1. List pairs: first residue in segment 361-377 and in contact (Cβ under 8 Å) with a residue 40 or more places away in the chain, second residue among the acidic types (Asp, Glu) anywhere in the structure, Cβ distance under 7 angstrom, at least six positions apart or on different chains.
2. Regarding segment 283-296, can at least one residue be identified that is within 21 Å of the chain's Cα centre (by Cα) and of a type in the set (Lys, Arg)?
3. How many residues does segment 55-66 contain that are open to solvent by 60 Å² or more (accessible area, probe 1.4 Å) and modelled with pLDDT under 95?
4. Tell me, which residue of segment 325-361 that is crowded, with 24+ Cβ neighbours inside 10 Å and in a strand (DSSP E or B) is nearest to the chain's Cα centre (by Cα)?
5. Checking the conditions here, which among 279, 269, 262, 256 is touching a helix residue (DSSP H, G or I) at 6+ places or on another chain (Cβ under 6 Å), open to solvent by 40 Å² or more (accessible area, probe 1.4 Å), of a type outside the set (Phe, Trp, Tyr) and touching a residue at least 40 places away in the same chain (Cβ under 8 Å)?
6. Would a scan of segment 160-178 turn up a residue that is loosely packed, with under 13 Cβ neighbours inside 10 Å, of a type in the set (Gly, Ala, Ser) and closer than 22 Å to residue 105 by Cβ?
7. Please identify the pairs in which a residue from segment 309-338 that is closer than 16 Å to residue 260 by Cβ has its Cβ atom under 6 Å from the Cβ atom of a residue that is open to solvent by 20 Å² or more (accessible area, probe 1.4 Å) and in a strand (DSSP E or B), counting only partners at least 6 apart or on another chain.
8. Can you name the residue in segment 5-54 that is under 24 Å from the mean Cα position of the chain (by Cα) and open to solvent by 80 Å² or more (accessible area, probe 1.4 Å) and is also nearest to residue 156 (Cα to Cα) among such residues?
Amino acid sequence: MGRKLLTEHINVEGIDTFEVYRKHGGYRSVEKALKTMTPDEVVEEVKKSGLRGRGGAGFPTGMKWSFLAKPEGIPRHLVCNADESEPGTFKDRHLMSKLPHLLIEGMITSSYALGANTSYIYIRGELLYVLRILEKAISEAYANGFLGKNILGSGYDLDLHVHPGGGAYICGEETALLESLEGKRGNPRNKPPFPAVQGLYARPTVVNNVESIAAVVPIINDGGDEYAKLGVGKSTGTKLFSACGHLNKPGIYEIELGVPVEEFIYSDEYCGGIWKGRELKAVVAGGSSVPILPKELILKTAAGENRLMTYESLSDGGFVTGTMLGSGGFIAMDETTCIVRNTWSFSRFYHHESCGQCSPCREGTGWMEKVLHRLEHGHGHMEDIDLLVSVAKQIEGNTICPLGEAAAWPVAAAVRHFRDEFEWHVTHAKEAARPGAVYPGKAVLA
């Protein structure tokens with residue numbers, strides 16, 4: 001499976017405790033950073049590593065850190081986005097529950113680099129069991145001198161807090177998260193100003209994903225150049241993927257970026273193929289918000305090259321024939337999957353989770369859910385299919401935050417690649433509306 005940078009010790013008994021974590025090399029990055037490096041040198045190592053945000057956007061982490069404003073006398077903050085709510089994505093909660101000290105170590109080292117003395121972990125409200133694990137680990141870090149005043153005699157102070165959200169998907173958007181953390185309704189903010197200038201309490205703030213912050217630990221321990229040797233091109237390092245759906249071996253896999261998609265799905269090292277001996281039909285490669293791809297386009301690009309598990313390869317072909325790596329929520333669907341039903345399920349989620357602030361998203365997600373419900377339950381019309389595409393286009397690019405796009409892209413891609421199945425739901429409405437009905441395919445209909 002290649003080298004594991006984050007999960008190498010995840011199955012060690014007691015690794016969630018300070019004592020065992022420390023015995024396996026824990027907190028070395030904090031010692032190295034605070035005793036031998038300046039904050040700017042830590043930032044430079046992260047830049048050299050090529051680390052890209054692991055929450056979905058894939059923006060270079062070191063570059064994001066370098067944008068942080070540093071006005072004299074004004075506190076700065078680091079906020080960890082642990083509001084993992086994307087359907088199909090469950091890597092961060094696993095990392096936090098099994099290796100809480102890895103995240104805490106990453107928070108300390110990253111906060112030092114950014115000059116933050118008060119940092120926060122904003123965790124999804126439904127994950128209270130993980131919150132308790134983190135709070136216990138934070139108490140251990142305080143007790144052993146890695147949090148609080150004058151950490152390791154360095155003169156650097158850091159207080160770390162865990163804050164539960166209220167269960168709103170929209171709070172995964174960084175400015176909505178900051179609004180919620182301030183005690184307000186979790187509505188996304190207009191930008192500019194960006195959080196790096198005016199974030200939490202109008203102070204300069206960096207918001208990073210759990211996995212992004214955890215990855216800082218091996219980067220500082222081994223050096224940015226060593227980290228950059230892993231992966232392919234601009235997709236450096238390792239990445240956690242939440243593999244689920246119709247797979248023989250679903251689970252969380254840490255892979256070196258660059259593994260072929262076909263190998264990831266079918267190799268016994270990874271997912272072990274499609275369950276029950278069935279055929280692969282489609283894949284959502286990066287969580288429910290990225291475009292779905294049929295088998296022929298997820299295994300190979302439109303040019304016939306092997307599709308790789310990298311930011312660049314998965315997006316090859318744009319949204320016409322490509323998709324996105326996103327948050328790494330890898331959902332495989334076999335031949336019995338109804339694409340219309342699946343798309344309707346996604347749309348119900350996004351309609352429910354829209355904050356309602358922007359009219360295109362508030363109204364458009366509702367329209368898409370209603371139209372997809374009609375098609376799935378035998379009341380659809382042929383013009384409904386083009387209506388879905390039209391509504392998706394009117395949402396895209398017309399909202400304050402990306403939730404509108406997250407709702408629109410899966411619908412537009414499903415129609416683009418599986419239009420014949422949508423049409424079958426109109427021409428064979430009674431048959432398609434039956435519970436468990438499966439589209440027989442073009443060949444059978446011909």
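The values are calculated or read from the model by the stated rules, or taken from the named source; none is laboratory data. Computed from a predicted structure; not experimentally measured. Backbone-built Cβ (ideal geometry, glycine too); neighbour counts: all protein chains shown. To get the accessible areas, we keep the full protein, side chains included, count just its heavy atoms, and leave off ligands, DNA and RNA. Shrake-Rupley method; radii C 1.70, N 1.55, O 1.52, S 1.80 Å.
1. Sorted first by the residue in segment 361-377, then by its partner, the pairs are 375/384.
2. No, there is no match, as no residue in segment 283-296 is within 21 Å of the chain's Cα centre (by Cα) and of a type in the set (Lys, Arg).
3. Of the residues in that region, 2 qualify.
4. 329
5. 262
6. no
7. 310/232; 332/245
8. 47
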